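So the structure is just underneath, and the comments pick up after that.
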Amino acid sequence: MSVDGFALLAGAHEYLLTVVRGVPEGAWGAPTPCSEWTVRQVLNHARLDQQALVMQITEEAPAGDPFDPADAPADGSGGDAVAELARVLEGAAKAWESVRDAESVPTPMGPMPAGAGAAVAALDAAVHAWDIARATGQDLPLTDSLAEGLESPAARIVDFVRDSFGKFGPVVEVPADAGPAAKLLGFTGRDPQWTPPTA
């Protein structure tokens, strides 16, 4: 299956923005499938990841540590999580677009074609959108069509990141007849049936 990384990135960015727009005001501190992080921390992680993935293109470091995200609004955001995320996603998309035709661009996972790098960024945005949607009770699932496109970048980097940095949890086994979204979530260490803990 041929994958258009730039189309995947646009779809994943829109998914993440849509989910963040729907977070209820009182839900930012809610638990998420990323067991150590709140909704706001997952958002901050996802936002910083998008910056980190293009930092060797933009020559600008992310505005914080993606793996130690603050449980607070982004500095300079004025508390407007959607506007700050939109700003970051627009900048990341422009960075990938600036190298669209490059056969090799530097990334934190090593050099790869620009389209492949954009697809990796799409994977990151999409799975964290799912995390936030599940944590906040939004009926905004990861679609099978988006998940199918993300299979290639997942195969490219998930095991490498899991083994080298421990940043994906162990694979969660799903039924053999599970759809593409459930299989992708399980491969990235997520339980597709996760629900928020009850009080």
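Coordinate-derived values only; no laboratory data. Here the structure is a predicted model, which means the values were calculated and not measured. Every residue, glycine among them, receives a Cβ derived from its backbone with ideal geometry; neighbour counts consider all protein chains shown.
Computed over segment 1-62, the percent of Cα pairs more than 16 Å apart is 58.
Across the chain, C-alpha contacts under 8 Å between residues 6 or more apart give a mean separation that, scaled by the residue count, equals a relative contact order of 27 percent. Determine the calculated [θ] at 222 nm for the chain from helices alone, applying -39500 (n - 2.57) to every DSSP H run no shorter than 4 residues and normalising by the residue count; nearest 500 deg cm²/dmol. One gets -17500 deg cm²/dmol as the mean residue ellipticity at 222 nm.
Highest mobility in the GNM of the chain, judged by mean-square fluctuation with C-alpha springs under 10 Å and restricted to A116, A154, A178, is found for A178. Here is the list for segment 84-124: trypsin sites (Lys or Arg not before Pro) lying in DSSP coil, each with at most 16 other C-beta atoms within 10 angstrom of its C-beta, are R100. The residues packed around M109, meaning those with a beta-carbon under 15 Å from its beta-carbon, carry a net charge of -1 if Lys and Arg are +1 and Asp and Glu are -1.
In order along segment 101-116, phi translates into HN-Hα couplings of 8, 6, 6, 8, 10, x, 9, x, 9, x, x, 7, x, 4, x, 5 Hz, rounded to whole numbers, per the Karplus curve 6.51 cos²θ - 1.76 cosθ + 1.60 with θ = phi - 60° and x for Gly and Pro.
Diffusion coefficient (Stokes-Einstein, Kirkwood radius over C-alpha pairs, 20 °C, 1.002 mPa s) for segment 58-132: 155 µm²/s, rounded to a whole number.
Computed from the alpha carbon positions, the gyration tensor of segment 119-199 leads to an equivalent ellipsoid with semi-axes of 19, 15, 13 Å, biggest first. Residues whose amide H falls under 5 Å from that of V105, counting only those 5 or more places apart or on a different chain, are M112, A114, with hydrogens built in the peptide plane.
Each residue of segment 17-28 was assigned a 3J(HN,Hα) from its phi angle through the Karplus curve 6.51 cos²θ - 1.76 cosθ + 1.60 (θ = phi - 60°); the sequence is 4, 4, 5, 5, 4, x, 5, x, 4, x, 9, 5 Hz, with glycine and proline shown as x.
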